[in-house]
1. Just give me the residues in region A:13-22 being away from chain B (no Cβ under 11 Å), without any contact (Cβ under 8 Å) to a residue 40 or more places away in the chain and open to solvent by 40 Å² or more (accessible area, probe 1.4 Å), in sequence order.
2. Would a scan of region B:147-155 turn up a residue that is surrounded by fewer than 23 Cβ atoms within 10 Å (Cβ to Cβ) and under 21 Å from the mean Cα position of the chain (by Cα)?
3. Among the residues of region B:84-130, write down those that are touching a Gly at 6+ places or on another chain (Cβ under 6 Å) and open to solvent by 10 Å² or more (accessible area, probe 1.4 Å).
4. Residue under question is B:Ile384, and the condition is that it be farther than 17 Å from B:Ala302 by Cα and either in contact (Cβ under 8 Å) with a residue 40 or more places away in the chain or within 13 Å of another protein chain (Cβ to nearest Cβ) (or both); does it hold?
5. Name the residues in region B:355-381 that are aliphatic (A, V, I, L, M), more than 14 Å from chain A (Cβ to nearest Cβ) and under 26 Å from A:Arg34 (Cα atoms), would you?
6. Looking only at strands (runs of 3 or more DSSP E) that fall completely inside region B:306-398, which ones have 1 or more residues that are out of contact with any Ser or Thr (no Cβ under 6 Å at 6 or more places or on another chain) and hydroxyl-bearing (Ser, Thr, Tyr)?
7. Tell me, please, whether a residue that is crowded, with 17+ Cβ neighbours inside 10 Å, in contact with a strand residue (DSSP E or B) (Cβ under 6 Å, 6 or more places away or on another chain) and within 21 Å of B:Ser110 (Cα to Cα) can be found in region B:338-347.
8. All but one of (1) surrounded by 17 or more Cβ atoms within 10 Å (Cβ to Cβ); (2) within 14 Å of chain A (Cβ to nearest Cβ); (3) more than 20 Å from the chain's Cα centre (by Cα); (4) modelled with pLDDT under 95 hold for B:Gly350; state the number of the condition that does not hold.
Amino acid sequence: MDEKLKRDIILEHYQNPFHKGLSDNPEYITVNSRNASCVDNINVSVLIDDGVIIDARFDGDACAICTSATSVMAKTLIGKTLDEAKVIVENFENMINEKEYDSSVLEELNVYDTVYRQPNRKTCALLPFRAIRDIMNKNENK
Amino acid sequence: MNRDDFPILETGIIYFDNGATTMKPKCVVDKVVEYYTEYTSNAHRGDYDTSLRVDKEYESVRTKVKNLINAARDEEIVFTKGTTESLNTIVFGYMQKILKKNDEVLISKSEHASNVLPWMILKEKIGIEVKYVDLDENYAVTVENVKRAITDKTKVISLAHVTNVIGDIRDIVEIGKIAKENNILFVVDAAQSIGHVKIDVQKANIDFLGFSAHKMLGPTGIGVLYGKYELLNETDTLEYGGGMNAFFESDCSYELKEVPWKFEAGTQNIAGVIGMGRAIDYILKIGLDKIHEHELELKKYAVSELKKVPNIKIYNENTDSGIIAFNIDKVFSQDTAIFLNRFNICVRSGNHCAKILKDEIGITNTCRASFYVYNTKEEVDKLIEALKRQDEVYDNIV
């Protein structure tokens, strides 16, 4: 993907994030995820029904990479089954950690395919995915 | 000033993260290398020349530290691995023994984690109350607000001398006087002030104090716990082992060494202590007044120049230390710091371990530029030039 297009997508999601703001609905599972270097701090909140992600929202205070990655993740995961979501999460994590991955499942999340070049940004990109993993675990144990 | 003494500056780095740690002058590095290459031995153990030399060098640093903070005697100086260990020893070695349920400890919301968390844990353990001095409109602690916060249950006042985000210098002499008048113990976190401003523990009636050498041009992993002699005698060490005991027998009888050696269990950071001693010599040779004056001049200059740059918010323009907390409007602090790194400018972003300060200043994250002896106005100019190019912050984001 063209570098400028990637940057435009990231900035668009940073400046006008998708589904920023949490729902009052108690059916949502919400987790907080923070970067150990004490900067990014987000809440990710997901509504799951019958094995399908019905809605994904977030709020918090985070850098451009973390905020936009959370936004793109929310947009990508809505409508996916939990099994599909797991595949996306795994492949995204592999992409950031420079392991083999399948770009065909990542949709717009492919814009982060060069984040690995900036080690200080990797945790930022991975933060929402840590949250979604926690949420899926919580859902399994419900 | 003295830039030639810091070989790392030759790389062109513009280092404005002195609140986190400082660069090391060559003389400090040489002193450490000298120990490792010429007389490596353990302290307080040997009967041979190199070991005796270690003892002499090691113990001479106690005197240097005593003089630096004007302690009453060498034995009031304990070597620790840094401010964090010092404060933890104060809280869990002494305060835990003498404080009771509902006793109040007065801190502020701009304290560093190491002057907050130990007290919170002590609250969990024995039920003390952690109270906060109100900050004024500049987010500073004033003597008046300290007075107002004292109740008949206040047993301890524990404050940073200089805070690490706002950089306000607390009037420790006046606060120490109030503490004494009210029979309150006074603990000072000197991590940000040591090597920047003068400290006189006797004049300020300080009961306990901690600092780290690496924030004053010394090595990492070494610092100091100061305590009044009679208080240190009542303080328990948090570690037991070699070097700190007088004897122990199979019937479980034992005796510990005297203060300060009872706190220094196991082989100590000898190279660190010796390097710290050289850092103290170096700083005193320049002069603390001169250092402070230089930092203030840089801060004033940087503030006046930053004000000319659009969209910059400064959070602490009125404090008298070399620390500036700022943000570019609508840009997350970490994004700014990563952008500045492109110009080889090092600033810190985040909450700087002062995680409850957000209650007061209403924002969770700032960029922090903190100055020291070797920083120059030319370097500040480069920061300003970079910040003027703020439209490019996101150009290289991927």
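1. Result: A:Asn16, A:Leu22.
2. First, the residues of region B:147-155 that are surrounded by fewer than 23 Cβ atoms within 10 Å (Cβ to Cβ): B:147-155.
With under 21 Å from the mean Cα position of the chain (by Cα) added as a condition, the list becomes none.
The answer is no; no qualifying residue exists.
3. Restricting attention to region B:84-130, the residues satisfying the condition of being touching a Gly at 6+ places or on another chain (Cβ under 6 Å) are B:86-87, B:101.
Of everything in region B:84-130, just one residue is touching a Gly at 6+ places or on another chain (Cβ under 6 Å) and open to solvent by 10 Å² or more (accessible area, probe 1.4 Å), namely B:Lys101.
4. Values: farther than 17 Å from B:Ala302 by Cα: no; either in contact (Cβ under 8 Å) with a residue 40 or more places away in the chain or within 13 Å of another protein chain (Cβ to nearest Cβ) (or both): yes.
In short, no.
5. Residues of region B:355-381 that are aliphatic (A, V, I, L, M), as a first pass: B:356-357, B:361, B:363, B:369, B:373, B:380.
From what's left, more than 14 Å from chain A (Cβ to nearest Cβ): B:369, B:373, B:380.
Across region B:355-381, the qualifying residue is only B:Ala369.
6. Values: elements: B:312-314, B:323-328, B:348-350, B:366-370.
The qualifying strands (runs of 3 or more DSSP E) are B:366-370.
7. Yes, some residue in region B:338-347 is crowded, with 17+ Cβ neighbours inside 10 Å, in contact with a strand residue (DSSP E or B) (Cβ under 6 Å, 6 or more places away or on another chain) and within 21 Å of B:Ser110 (Cα to Cα).
8. Going through the list (1) surrounded by 17 or more Cβ atoms within 10 Å (Cβ to Cβ); (2) within 14 Å of chain A (Cβ to nearest Cβ); (3) more than 20 Å from the chain's Cα centre (by Cα); (4) modelled with pLDDT under 95, B:Gly350 breaks only (3).
The values are calculated or read from the model by the stated rules, or taken from the named source; none is laboratory data. Being a predicted model, the structure only gives us computed values, none of them experimental. Please note: Cβ atoms are built from the backbone with ideal geometry, for glycine as well, and neighbour counts cover all protein chains shown. For accessibility, only protein heavy atoms count, side chains too; no ligands or nucleic acids. Shrake-Rupley method; radii C 1.70, N 1.55, O 1.52, S 1.80 Å.
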